[in-house]
Amino acid sequence: MDNPSGGIARAAYRVRQAWRYWRERPAPHDLAEAQHVLGAALWPLFLRQSRAEQAHALRVWRRVQALGGDVLVQQAALLHDVGKSRVDLHLVERALAVLGRRLFPARARGAWAQGAPRGWRRAFVVAEQHATWGAEWARAAGAPPAVVALIQHHHAPRPAFADPAQVRRWALLRQADEEGDA
């Protein structure tokens with residue numbers, strides 16, 4: 001049986017996350033620094049994100065910096081969720097995807113997440129496919145292959161990177177993303 005206090009803590013976390021989504025906006029000085037890190041080719045990708053997604057990306061990026069991440073993982077941190085901007089989801093749809101993934105993980109990551117992002121399934125499709133879409137956009141914009149791979153695999157349980165530095169980057173990005181909304 002689940003720990004009731006763990007369920008309450010998780011619900012409180014989701015309420016804080018929704019509040020941030022509605023209220024938080026990127027600070028101008030953070031945007032200027034992020035633009036410098038991304039450069040002219042990748043900056044337009046960052047700007048595709050909603051202000052709330054930008055704020056999340058900036059939090060993840062700052063955490064990656066604090067953990068000592070190099071410029072490649074910093075770029076991935078700023079762009080890891082850019083694929084979500086392919087479809088404009090409402091807060092209720094985002095909540096549906098989170099709830100569905102919690103209650104029905106196999107369906108939410110399987111059948112419900114396949115096909116075009118339309119109808120009631122669109123939030124599940126975006127949740128499952130955004131990493132692939134973001135990686136494709138990053139590749140097309142000229143991102144380094146290491147950045148593309150980090151975006152593509154940022155939700156993977158443990159990708160088989162041959163390069164130990166890339167494994168460390170992936171671990172930093174995962175840690176920072178998990179802590180970025182805490």
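The values are calculated or read from the model by the stated rules, or taken from the named source; none is laboratory data. These numbers come from a predicted model, not from an experiment. No Cβ is skipped: glycine too gets one built from the backbone with ideal geometry, and neighbour counts run over all protein chains shown.
Key figures
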read-out	value
Evaluation of Arg168 against (1) touching a helix residue (DSSP H, G or I) at 6+ places or on another chain (Cβ under 9 Å); (2) surrounded by fewer than 13 Cβ atoms within 10 Å (Cβ to Cβ) (one fails), failing number	(2)
Scope the range 166-182; condition more than 30 Å from Arg25 (Cα to Cα) and either in contact (Cβ under 8 Å) with a residue 12 or more places away in the chain or aromatic (Phe, Trp, Tyr) (or both); matching residues	Gln166
Failed item in (1) basic (Lys, Arg); (2) part of a helix (DSSP H, G or I); (3) within 27 Å of Leu72 (Cβ to Cβ), with Arg158 passing the rest	(2)
Number of the condition not met by Ala97 [criteria: (1) more than 18 Å from the chain's Cα centre (by Cα); (2) at pLDDT below 90; (3) of a type in the set (A, V, I, L, M, F, W, C); (4) closer than 22 Å to Ala57 by Cα]	(1)
Number of the condition not met by Val37 [criteria: (1) over 27 Å from Arg168 (Cα atoms); (2) touching a residue at least 12 places away in the same chain (Cβ under 8 Å); (3) surrounded by fewer than 21 Cβ atoms within 10 Å (Cβ to Cβ); (4) not charged (D, E, K, R)]	(1)
Selected residue (criterion: surrounded by the most Cβ atoms within 10 Å (Cβ to Cβ)) from residues of the range 59-89 that are over 16 Å from the mean Cα position of the chain (by Cα) and not β-branched (Val, Ile, Thr)	Gly69
Qualifying residue in the range 141-148 (condition: under 15 Å from Ser50 (Cβ atoms), assigned to a helix (DSSP H, G or I) and touching a residue at least 24 places away in the same chain (Cβ under 8 Å))	no
Top-ranked residue of the range 40-54 - restricted to ones that are small (Gly, Ala, Ser) and touching a helix residue (DSSP H, G or I) at 6+ places or on another chain (Cβ under 9 Å), ranked as modelled with the highest pLDDT	Ala41
Residue within the range 122-139 that is on the phi < 0 side of the Ramachandran plot and outside any helix (DSSP H, G or I) present	no
Boolean, Leu91 is touching a Phe, Trp or Tyr at 6+ places or on another chain (Cβ under 8 Å) and under 15 Å from Phe46 (Cβ atoms)	no
Filter result for Gly115 (farther than 23 Å from Ala171 by Cα, of a type in the set (Gly, Ala, Ser) and in a helix (DSSP H, G or I))	no
Number of the condition not met by Val126 [criteria: (1) touching a helix residue (DSSP H, G or I) at 6+ places or on another chain (Cβ under 9 Å); (2) at pLDDT below 90; (3) farther than 20 Å from Phe46 by Cβ]	(3)
Failed condition for Ala77, given (1) touching a Leu at 6+ places or on another chain (Cβ under 8 Å); (2) more than 19 Å from Ala156 (Cβ to Cβ); (3) of a type in the set (Gly, Ala, Ser)	(2)
Filter result (outside any helix (DSSP H, G or I) and buried (at least 16 other Cβ atoms within 10 Å of the Cβ)) within the range 40-56	Gln49
Pick from the range 57-94, criterion in a helix (DSSP H, G or I) and without any contact (Cβ under 8 Å) to a residue 12 or more places away in the chain, ranking: nearest to Ala141 (Cα to Cα)	Gln65
